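S.K.: The structure under discussion is supplied below as structure tokens; questions concerning it will follow.
The values are calculated or read from the model by the stated rules, or taken from the named source; none is laboratory data. Computed from a predicted model, the values in this text were never measured in an experiment. Backbone-built Cβ (ideal geometry, glycine too); neighbour counts: all protein chains shown. Protein only, heavy atoms only, side chains kept; ligands, DNA and RNA dropped before computing areas. Shrake-Rupley method; radii C 1.70, N 1.55, O 1.52, S 1.80 Å.
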Amino acid sequence: MGPIIVVVEMQSDAMSPASAELLSRARQLARAQSTRVVALGFGEAARGALGSSGADDAFLAAGADAYVPTQAEAALRQVLQETAAGLVLLPNTTMGMDLGAATAAAEGRPMVAYATSLAAVEGGAFKATSQVYGGKLVAEVAVPEGSVVTVLPGSWPADEAVSGTTPVRDLVVAGESPMELVRTIEPDTGDVDITRADVLVSVGRGIQDPDNLELADELAEALGAVVSCSRPVVDAGWLPRARQVGKSGQTVKPKLYLALGISGAPEHLQGMKDSEIIVAINSDPTAPIFEVAHYGATCDILELMPILTERLGGAD
Amino acid sequence: MRIAVLVKDVPDLVEELELDESGRGLAVDDLSYVPSEWDDQALEEALLLKEASGAHVSAVALDTGDVDNMLYTALAKGADRAVKLVGDYDRTLPGRQRARILADYLAGAGYDLVMTGVQAVDDLDGQIAGLLGGMLGWPHASVVRDVAVDSGAVRFVQEYAGGRMAEFRSSTPLVLGVQAAKKPPRYVPIARIRQVSRSAALEEVEAGGSPSESLAAIERLYRPEAQGHATMWDGDAEQVAAALVALLDEQHLRS
Ligand SMILES: Cc1cc2nc3c(=O)[nH]c(=O)nc-3n(C[C@H](O)[C@H](O)[C@H](O)COP(=O)(O)OP(=O)(O)OC[C@H]3O[C@@H](n4cnc5c(N)ncnc54)[C@H](O)[C@@H]3O)c2cc1C
Ligand SMILES: Cc1cc2nc3c(=O)[nH]c(=O)nc-3n(C[C@H](O)[C@H](O)[C@H](O)COP(=O)(O)OP(=O)(O)OC[C@H]3O[C@@H](n4cnc5c(N)ncnc54)[C@H](O)[C@@H]3O)c2cc1C
């Protein structure tokens, strides 16, 4: 089988944890299928991370320092053509969503997205499970040799220590890019830092109306907690972006995460599943949030919040 | 700027998801469907672009079932045209094959910008924006917001983890997977949609049958096995509040 290609993503000058996870699994799979691991990174800043990636070989598409989708895709396709890849692994992040489906379609390779497990099977193929339908169902998928797989970050742990040095080859990508970077935008830090709170009262679309946020504010005050939320609450303009937990928001690990009216979509879980204690209140007993919560109840959050606030001696 | 917005409906996650007898798919006829929420965001962003800079917006759907109402809704919201790609296929058509049919249509239809939702709850075989970008050989980006027309080119912002973002400028034709519109999607009353469905016509375009695409096959579809399901507190809100306060006390989490 051709090599296993791992596309590495950088996060503030270091390899992202999701990339390290992929490299760990790639090394195991490569051993099982008697092949090699080849890493691909973008931008000069990735050179060091590729050198200590533990891969057998690495390509660096230098050029622009920041990620540009079209350039990254051209580089990945060039690597696939040069190496006859047996498997292509990307994190299911923005980068993976850009490059995974497009490369699979352009190169005529099968594609499996949202994977949470990946194993080798005899005869040179793989088997994956994917989280679909907002995490309500799991699909077990036969992954043929040559497939492109995007993996949800945090699906398995990364190896602690990686030894050896990986030779890094420079990749020259031909052609002009139809897309150019205008500027990068740093996160808006907002009024509070939800990543520092011990207790988060986190509201989802179940809050139904912005007027009901007052109930969450009162509860948070009585608890000495901070209010955070799921993405739709931010998109509706009800709370500022700095309060958002999840894939495109903040990753939080409070002592207590109280999820109120949050379904538990994979993109939300990614940002809070390592909280010490998770309590979920959701009227739907099949909501995926209950898979990660330690305690749960199916009562109405609008009814619960004022009662809880009162019991805690707040807002009378 | 000629914009195509691709719309589809997906199983409503609020309802129970029944599996079919094979255990490899959903019992598609027994489910209820809702428009994919991110497609709604894409349509809204396109309509806002039209209002800001005079774009021509077409809503495009593959006729895999009951898509007429979705298309009339798009017209009622302000789309200029609604296109239904008809052919011999149904809801079980895998995403990859849907993408091929859409790509074949889009390749010759003269659009500058194709917008679609960033993902759909059922697109396990890859997100449609990326698939189309790859099939058409057009530039594309996912997880996009704040789309603007800039002297024949398109500017947009792409989101990354932790709230980081980057702004790009791209030539057209271009495919964008839209995460969120600048404003929450507009609402149109049902009476208005009914009115449009009586006065406006959907444009039907004959598209091909099920094309061949390389497949990764589902072997089993199942509900997550409760690895560590929550300990559930029964009872009404009063009882749940009491249980929660007891937990807070036990964990010394009361301020
Ligand atoms: C994680 C995951 C990844 C997936 N990746 C892909 C993917 O990369 N590509 C993709 O298209 N689907 C992919 N799918 C979709 C999945 O493969 C289809 O839903 C499934 O094949 C349909 O199976 P079926 O038994 O219901 O229908 P089937 O009867 O198997 O087929 C449905 C349609 O596919 C056609 N078809 C079947 N096999 C082939 C083939 N080998 N080549 C061409 N046409 C065929 C049939 O003519 C029919 O029109 C993926 C699904 C999951 C869960
Ligand atoms: C690229 C990408 C990035 C994303 N990033 C993020 C992210 O960072 N963070 C994030 O959260 N999402 C993110 N999402 C969106 C994610 O997919 C989900 O759409 C979102 O998490 C759903 O939010 P929710 O749980 O609040 O809403 P829903 O899924 O609509 O759930 C609302 C829940 O409230 C319950 N409910 C309703 N009324 C009541 C009541 N009165 N009492 C009790 N329960 C009630 C319902 O049963 C339901 O389960 C992202 C999506 C994409 C594509």
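S.K.: Once every DSSP H run of n ≥ 4 in the protein assembly as shown is given -39500 (n - 2.57) and the sum is divided by its residues, what mean residue ellipticity at 222 nm do you get, rounded to the nearest 500 deg cm²/dmol?
M.R.: That calculation yields -8500 deg cm²/dmol at 222 nm.
S.K.: While we're here: Which net charge results for the neighbourhood of B:Leu253, defined as the other residues with beta-carbon distances under 15 angstrom from its beta-carbon, given Lys and Arg at +1 and Asp and Glu at -1?
M.R.: -1
S.K.: Using a Cα distance threshold of under 22 Å, what count of lysine pairs results for the protein assembly as shown when pairs must be 8 or more residues apart or interchain?
M.R.: The result is 21.
S.K.: Could I ask something else about it? With +1 on each Lys and Arg Cβ and -1 on each Asp and Glu Cβ, and nothing else charged, work out how big the dipole of the range A:1-130 is about its Cα centre, in Debye to the nearest 20.
M.R.: Here the size comes out at about 420 debye.
S.K.: Using a 1.4 angstrom probe on the protein heavy atoms only, could you order A:Lys253, B:Lys182, A:Lys127 from most to least accessible area?
M.R.: Output order, biggest surface exposure first: A:Lys253, B:Lys182, A:Lys127.
S.K.: Taking a probe of 1.4 Å, how large is the accessible area per residue of the range B:2-206, in Å²?
M.R.: 38 Å²
S.K.: Also, quick follow-up: What whole-number volume per residue, in cubic angstrom, does the convex hull of the C-alpha atoms of chain A give?
M.R.: Hull volume normalised by residue count: 139 Å³.
S.K.: Compare the peptides A:73-79, B:202-208 by average per-residue count of other Cβ atoms within 10 angstrom and give them in order, highest first.
M.R.: Most protected by this proxy first, the peptides run A:73-79, B:202-208.
S.K.: Let me ask you something else. At 1.4 Å probe size, what's the solvent-accessible area of A:Ser263? Round to the nearest 10 Å².
M.R.: Here the accessible area works out near 70 Å².
S.K.: Can you tally the net charge around A:Thr251? Count Lys and Arg as +1, Asp and Glu as -1, for every other residue whose Cβ sits under 11 Å from the Cβ of A:Thr251.
M.R.: Combined, the nearby Lys, Arg, Asp and Glu give +2.
S.K.: Binning every alpha carbon pair distance of the range B:2-206 at 10 Å from zero, what are the percents per bin?
M.R.: Histogramming the range B:2-206 at 10 Å steps yields 9, 36, 37, 16, 2, 0 percent.
S.K.: Alpha carbon centre of the range A:175-230 versus the range A:1-72: separation in Å?
M.R.: A separation of 31 Å, based on Cα centres.
S.K.: Next question. Solvent-accessible area of B:Ile218, probe 1.4 Å, all protein chains present, reported in Å² to the nearest ten, please.
M.R.: Roughly 50 Å² of B:Ile218 is accessible to a 1.4 Å probe.
S.K.: Checking buried surface per residue: for the range A:168-193, which residues lose a minimum of 40 Å² accessible area in the protein assembly relative to the chain alone (1.4 Å probe)?
M.R.: A:Pro178, A:Met179, A:Glu180, A:Val182, A:Arg183, A:Ile185, A:Pro187
S.K.: Diagonalise the Cα gyration tensor of the range A:121-244 and give the resulting equivalent ellipsoid semi-axes, square root of 5 times each eigenvalue, largest first, whole Å.
M.R.: 40, 24, 18
S.K.: With θ taken as phi - 60° and the coefficients 6.51, -1.76 and 1.60, list the Karplus ³J(HN,Hα) couplings across the range A:76-83 in order, rounded to whole Hz; mark glycine and proline as x.
M.R.: Along the range A:76-83, the couplings run 4, 5, 5, 5, 4, 5, 6, 10 Hz.
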